Structure formats: C-alpha cells, structure tokens
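The block underneath contains the structure these notes are about, expressed in structure tokens.
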Amino acid sequence: MADTPDGFPPKQDVVGTGISLIGFDDLVTSFQERPPDRATVVTITNVHAVMSARRDPELRAALDAADISTPDGMPVAWALRSMGQPDQERVYGAKVTTTTLEAGLARGWRHYFYGSTDETLAALQAALEASYEGIAIAGAMSPPFRQLSDEEEDEIAAEIMEMRPDFVWVGLGMPKQEKWMHRNIGRYPGVVVVGIGAAFDFLAGTKPEAPGWMQRAGLEWLFRLGSEPKRLWRRYIFNNPAYLFLWTKQMIGWRLRNRA
C-alpha cells in the first residue's frame, strides 16, 4: 500500500497500477481540501487503463503520479476486495461527475469541459443545465485532435483559468487524457482535473450506457463491445483474459503472504 501526497487516500497495487482506496463521499472531501499551488489530478482507472500501463511507460507514470486513481469497472473493484478491501465500491466516471455536480451546487463550484467534439459539448451542457438547476458551467472547449505545442498548452490554460473553474472535466479518451493531465499539472493551480472519457457521451446522451445490472455484474465491457465491435474487439479479447490471469496470480500471492 502506498501513501499519496497532500493527504489523499492511499493506493493499493492492482496488477501493477496503484488504485485509490476511496468512495464517492471521500471524493467530495478530497475535492474540498485540494492543494492551491497545482492541479489535483484524478484518473478513472479501468482494466483497459491498468493493462495499457503495463505496455506504456508514459501512461504508467501518469497513473502513478495521479492524486486519485479510482477503481472504475467492477473487475478493478473486485481485485481490491479480494486483497483486503471487502467494502470497496466501484467509483466510475459518470457517477463521479454527477456526484460532484450535485455537491457543487451548494458550494458554487464552477465546471469547465475540455475534449470531445463541439456537438457533444453542446449536448452535454444542455443536458447538465436541464438536470442541475443553478449549475455553474464556466465554459467548454473542443481542442484540436493532435499533439499541442507548449505555447498552445499555455494559451489554452490561460483561457481556461480566466474562467475561474474549480473543475476541468477532461474527455480526450484514454490514454491521451491521462497524459494531458500529467503534463499540465502546473498550469491549473487549485483546480481539480478529472479524466472521464466516455462519460462525456453518456451524460450528453450521444452514446448509450450499459444497463445497471450489466455494470454491477462486471459486464459493461460486453455491452460496449456489442455497441462498437470493430473498434473495441482487440481491447477486450486480449486485455480481459490477461488481466484475469494476472489478478488471480496477484491475489494468490497476497493471500499466501497474509495467512494467519
């Protein structure tokens, strides 16, 4: 188990990636106590992220450095439960967002949305304004779909910070958003930056979300595979069995070390 800086919840290793031991209520508390001199970085970490980090050193560094890496997807939460954290819940992107939006209404938190397309951002803002009366949306931006220069990153950060956001919700997709947040930690002091990926589409209503029973059963991947088979089949066919093997190996080792 690893401590994190500035009093954030500790992380526990899951197949090589540190996952925060945190629930939704703890998130709101952490957001209230964020450091003022840099961004607070939150990654929503599922099996795809965990397995990709084993092959991508830059992504692994970004996840390791994140203040909070929530267990997104039941298989990650199950891994924590199997290794000494029986009450760990799944802390996934869409609910992280809605929980924070609700908590922020009384606190006056301001929200900025960075990523996706102009069409999705427009639908997202309309949906949130209809669902959360009084929500403070500071702005939204669909950046170019390419690597930005340092000068461009500085200009974007200045534009966003001028709107005084408390949160920047990042929807660039994994691993681009995790790497972006890691690179930009010094450009957003006092701001919480959260990479929520597909949650932009779910909340905007532009893509369907898996039914609750499939999410609770750990079958969200099957629903998404059925929705986008050509794009996602390689991810799930190779990642899921490899993750299951590595998790089982790690769990057996943990239990042997912790036998009474």
Problem - From the C-alpha gyration tensor of the chain, square roots of 5λ in Å - result: 29, 21, 18
Practice task
Name the residue farthest towards the positive end of the dipole of the chain from the options THR248, GLY197, ILE135, assuming +1 on Cβ of Lys and Arg, -1 on Cβ of Asp and Glu, about the Cα centre.
Solution key: THR248
Handout entry: Debye log10 I(q)/I(0) at q = 0.11, 0.18, 0.19 Å⁻¹ for segment 1-88, Cα point scatterers
Key = -0.27, -0.74, -0.82
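Please work out the Cα convex hull volume for segment 62-150 and give it in Å³ per residue. The partial results should precede the final answer.
Details: hull volume 14.2 nm³, N = 89.
Hull volume over Cα atoms, normalised by residue count, gives 160 Å³.
Expressed as cubic angstrom per residue, what is the convex hull volume of the alpha carbon set of segment 148-260?
About 193 Å³ per residue, rounded to a whole number.
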Problem - Antiparallel bridge percentage (DSSP; both residues within segment 5-204; nearest 5) - result: 15
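Given a cut-off of under 8 Å on Cα pairs at least six residues apart, what relative contact order in percent is computed for the chain? Could you put the intermediate results ahead of the total?
On the way: 406 pairs, mean separation 62.0, N = 260.
This gives 24 percent for the chain.
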Handout entry: Residues with amide H under 5 Å from that of ARG110, placed H, sequence gap 5 or more
Key = ASP166, PHE167
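What order do you get for 56-66, 110-120 when each peptide is scored by the mean count of other beta carbon atoms within 10 Å, highest first?
For the peptides 56-66, 110-120, the packing ranking is 110-120, 56-66.
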Practice task
Convert each backbone phi in segment 12-21 into a coupling constant with the Karplus relation 6.51 cos²θ - 1.76 cosθ + 1.60 (shift: θ = phi - 60°), then list the ³J(HN,Hα) values in order as whole Hz, x for Gly and Pro.
Solution key: 10, 5, 10, 6, x, 10, x, 10, 6, 8
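Just so you know, all these numbers are worked out from the coordinates, no wet-lab data involved. All values derive from a computational prediction rather than experimental measurement. Neighbour counts run over all protein chains shown; Cβ positions are idealised from the backbone, glycine included.
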